[in-house]
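The values are calculated or read from the model by the stated rules, or taken from the named source; none is laboratory data. Quick caveat: nothing in here was measured; it's all calculated off a predicted structure. In this analysis, Cβ positions are derived from the backbone assuming ideal geometry, glycine residues included, and neighbour counts consider all displayed protein chains.
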Amino acid sequence: MTKKLSFEAKEKMVELSGACFWYWAGFFSFLDSCGVPKSMQRKYPQGAYNKYTMMRAVLTDLDQSGNAEIINAIASGFFRLKGPLDPDQLDAKKAKRLLAEFKQAIGDDPIEAEIQKREQIKARASHERAIADRKAQSVRLGALNSEFLSLMTTMVLTPQQRGFKLETLFFELLHLNELEHKKPYRTHGQEQIDGHFRYDKFDYLVEVKWTQEPTKQPDLSIFDGKIRGKAQSTRGFFVSANGFDPIAVQKYSGDSPRILLMTGEDLVLVLSGQVLFCDVLQAKVDAIVRMGKILFPARQVAT
């Protein structure tokens, strides 16, 4: 709600109308700049009213119509004056004294004070939304963690079925982290792609597997072929619940590598909230760029 000015402040504004303006043109221009409607100004013609009585009548009209915003705009206009608009025709010392008394009476420029107040309200609301978003994200992350732990312990699903559910879970994780992504699709050549996401100007093709043993070289070889058939800005992101065979990791590290690897252990750390997914992703990108290392453990980010 816009703050209402005191009676004292309004009386000071009435005094200032005559002390700061000699010519009517300047006074009307001042009223225009403060947003006083022309229709209201015409109600008080200069032949029947002087500047003092006109200002009092305008303030009364604005008060009765509940238009505190325009009253504050007039106050702000006076607050910003450094002296009379027509100093050669008026008592400049008196005008400056009245302006100083007025500024002391209202304390701050009401428009600036209102802007600051609204900015504070906006910032508070933004902060509260951010807290609510973090809480919602934490709840959803906890649900994904429970789903993953259930997949790890259940005995009723085949590895392939677990793989499909892990794929869905991984794309939920991408969505939670607001990364642009696309779910599984086929290329025009009918090549099956488990999906892709975009991060830091690169497209990452996704491969998700849940096998009883660590993922071996043939699977990495097939995935590497899919990537190398795409643009140079394309990389791969391979998620394997039971990790990767060390020989396969060594084979595809160091020689212009374009695949980033994520293990079930990495996912546990991310989904349990011990480390942020984007921090893990950036660490893996840094490792492949600086060291040609395609498997960078999330636990090294968490420590």
* Selected residue (criterion: surrounded by the fewest Cβ atoms within 10 Å (Cβ to Cβ)) from residues of the stretch 149-165 that are more than 21 Å from LYS226 (Cα to Cα) and within 34 Å of the chain's Cα centre (by Cα) -> LEU149
* Provide a single number: the residues in the stretch 138-148 that are in contact (Cβ under 8 Å) with a residue 60 or more places away in the chain, surrounded by 13 or more Cβ atoms within 10 Å (Cβ to Cβ) and more than 16 Å from GLU167 (Cβ to Cβ). => 3
* Mind checking which residues of the stretch 180-201 are within 23 Å of the chain's Cα centre (by Cα) and part of a strand (DSSP E or B)? -> HIS181, PHE197, ARG198, TYR199
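To keep it simple, each residue is scored yes or no on (1) closer than 18 Å to ILE288 by Cα; (2) part of a loop (DSSP other than H, G, I, E, B).
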residue	(1), (2)
LEU166	no, no
PHE171	no, no
GLU178	no, yes
TYR204	yes, no
VAL208	no, no
ILE227	yes, no
VAL239	yes, no
SER253	yes, yes
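Taking the stated definitions as given, is ASP88 not aliphatic (A, V, I, L, M) and not in a helix (DSSP H, G or I)?
On the way: not aliphatic (A, V, I, L, M): yes; not in a helix (DSSP H, G or I): yes.
Considered against the rule, which asks whether it is not aliphatic (A, V, I, L, M) and not in a helix (DSSP H, G or I), ASP88 comes out as yes.
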* Asked: Right, LEU99: touching a Gly at 6+ places or on another chain (Cβ under 9 Å), touching a residue at least 60 places away in the same chain (Cβ under 8 Å) and assigned to a helix (DSSP H, G or I) or not?
  -> yes
* Within the stretch 38-83, which residues are part of a helix (DSSP H, G or I), within 26 Å of ARG97 (Cα to Cα) and charged (D, E, K, R)? -> LYS51, ARG56, GLU69
* Asked: (1) in a loop (DSSP other than H, G, I, E, B); (2) among the polar types (S, T, N, Q); (3) touching a residue at least 12 places away in the same chain (Cβ under 8 Å): which one isn't true of GLN232, the others all being true?
  -> (3)
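Listed here are the residues, each with its yes/no results for (1) closer than 28 Å to PRO37 by Cα; (2) among the aromatic types (Phe, Trp, Tyr); (3) at pLDDT below 85.
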| site | (1), (2), (3) |
| --- | --- |
| ASP91 | no, no, no |
| ARG97 | no, no, no |
| LYS122 | no, no, yes |
| ALA130 | no, no, yes |
| ASP133 | no, no, yes |
| VAL156 | no, no, no |
| PHE164 | no, yes, no |
* Can you spot a residue in the stretch 280-291 that is assigned to a strand (DSSP E or B), in contact (Cβ under 8 Å) with a residue 12 or more places away in the chain, closer than 19 Å to ASN145 by Cα and under 37 Å from the mean Cα position of the chain (by Cα)? -> no
* Asked: Taking into account only those residues within the stretch 254-303 that are under 18 Å from PHE202 (Cα atoms) and among the β-branched types (Val, Ile, Thr), which is surrounded by the most Cβ atoms within 10 Å (Cβ to Cβ)?
  -> ILE294
